[in-house]
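The structure appears right after this line, and notes come after that.
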Amino acid sequence: MIHATDPAAELTVIGVADQTPVFLHGVLGVLATQDVTVLGVGSTSAARDLLGKHPDLMILDIRLLHADQELCALARELGVAMILTVDRSCSDGVMEAVRAGVGGLWDRDGDPHELRRVVTSGLAGSTVLSADVGAAMLDRIAQASDVVRGTAGRLTIREKEILRLMADGVGNRAIADKLFISENTVRNHVRNVLDKLQASTRTEAVVRAVRAGLVRLS
């Protein structure tokens, strides 16, 4: 296990599992700060062990998920938020992982600033889709039907507003503060959005909305 941290503080723990050593070291270097401990591993068995340590967030190479499809279920069972690192040519298993509760997708070709943004949103419990994933990937991973496209006319103005904030990675509490409504009201709106988009998770709802042209990733 690779350990990257600033010894001054160990407040937040982020796990990174990636089978490419150079990429793994790069991510560790980007994320290790005064307030963050980053633990890196390179195999599915080590990823399971790392999840057992209950990190605040897990960043997982989708190729490791292909080798062990139970990693998503294990993360969900343990209450660990998970972000998948993907590339634009990879679509196998992405929607299945999104439906299983993966908190977001990050393009492994993205820059450090984008990685930090994705991690910040993930730690806040928000839906995260890297803008660098791009339309080409969304075309492959989202099956947007005419029913979903027609949803634009059935979403209320408030639901559309909340959907756009969800796509920006804003969590329920921040949405409530921004719109001057209660967090319980936000949860009700989010539930309605998921129902109308026929999505089981926030991430799936955003993916479907982007593919159907209801929102754009910034």
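The values are calculated or read from the model by the stated rules, or taken from the named source; none is laboratory data. What you see is a predicted model; the values in this text were computed from it and never measured. No Cβ is skipped: glycine too gets one built from the backbone with ideal geometry, and neighbour counts run over all protein chains shown.
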Considering each of Ser126, Ser121, Ser89 in turn, give the residue that is in a loop (DSSP other than H, G, I, E, B), closer than 21 Å to Ala199 by Cβ and either at pLDDT 90 or above or in the same structural domain as His25 (by TED's automatic domain parsing) (or both). Ser126
Taking Val215 and the conditions (1) buried (at least 22 other Cβ atoms within 10 Å of the Cβ); (2) among the hydrophobic types (A, V, I, L, M, F, W, C); (3) outside any helix (DSSP H, G or I), which numbered condition does it fall short on, given that it satisfies the others? (1)
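Considering only residues that are over 25 Å from Thr127 (Cα atoms) and either crowded, with 21+ Cβ neighbours inside 10 Å or of a type in the set (Lys, Arg) (or both), which ones fall in region 23-32?
Our first condition is that a residue be over 25 Å from Thr127 (Cα atoms); within region 23-32, this holds for 25.
Within region 23-32, no residue meets the criteria.
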Of the conditions (1) part of a helix (DSSP H, G or I); (2) farther than 19 Å from Val128 by Cα; (3) of a type in the set (Gly, Ala, Ser), Gly40 satisfies every one except a single condition; which number is it? (1)
Over region 33-49, the set of residues modelled with pLDDT of 95 or more and closer than 23 Å to Thr127 by Cβ is Ala47
Taking first residues from region 67-82 that are not assigned by TED's automatic domain parsing to the domain that holds Leu105 and surrounded by fewer than 21 Cβ atoms within 10 Å (Cβ to Cβ) and second residues anywhere that are among the β-branched types (Val, Ile, Thr) and modelled with pLDDT of 90 or more, the pairs with Cβ under 9 Å that are 6 or more apart or on different chains are none
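So, in region 92-118, exactly how many residues are over 16 Å from Ala205 (Cα atoms), touching a Lys or Arg at 6+ places or on another chain (Cβ under 7 Å) and part of a loop (DSSP other than H, G, I, E, B)? Don't jump to the end; show me each part of the working.
The initial filter retains those residues of region 92-118 that are over 16 Å from Ala205 (Cα atoms), namely 92-93, 106-118.
Of the ones still in play, those that are also touching a Lys or Arg at 6+ places or on another chain (Cβ under 7 Å) are 107.
Filter once more, keeping what is part of a loop (DSSP other than H, G, I, E, B): none.
The qualifying residues number 0.
Condition check ((1) at pLDDT 90 or above; (2) in a loop (DSSP other than H, G, I, E, B); (3) hydroxyl-bearing (Ser, Thr, Tyr); (4) farther than 28 Å from Val86 by Cα) across all residues:
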position: Ala152; (1), (2), (3), (4): no, no, no, yes
position: Met166; (1), (2), (3), (4): yes, no, no, no
position: Thr185; (1), (2), (3), (4): yes, no, yes, yes
position: Glu204; (1), (2), (3), (4): no, no, no, no
For region 12-22, give me each residue that is touching a strand residue (DSSP E or B) at 6+ places or on another chain (Cβ under 8 Å), closer than 18 Å to Val86 by Cβ and surrounded by fewer than 18 Cβ atoms within 10 Å (Cβ to Cβ). Gln19, Thr20
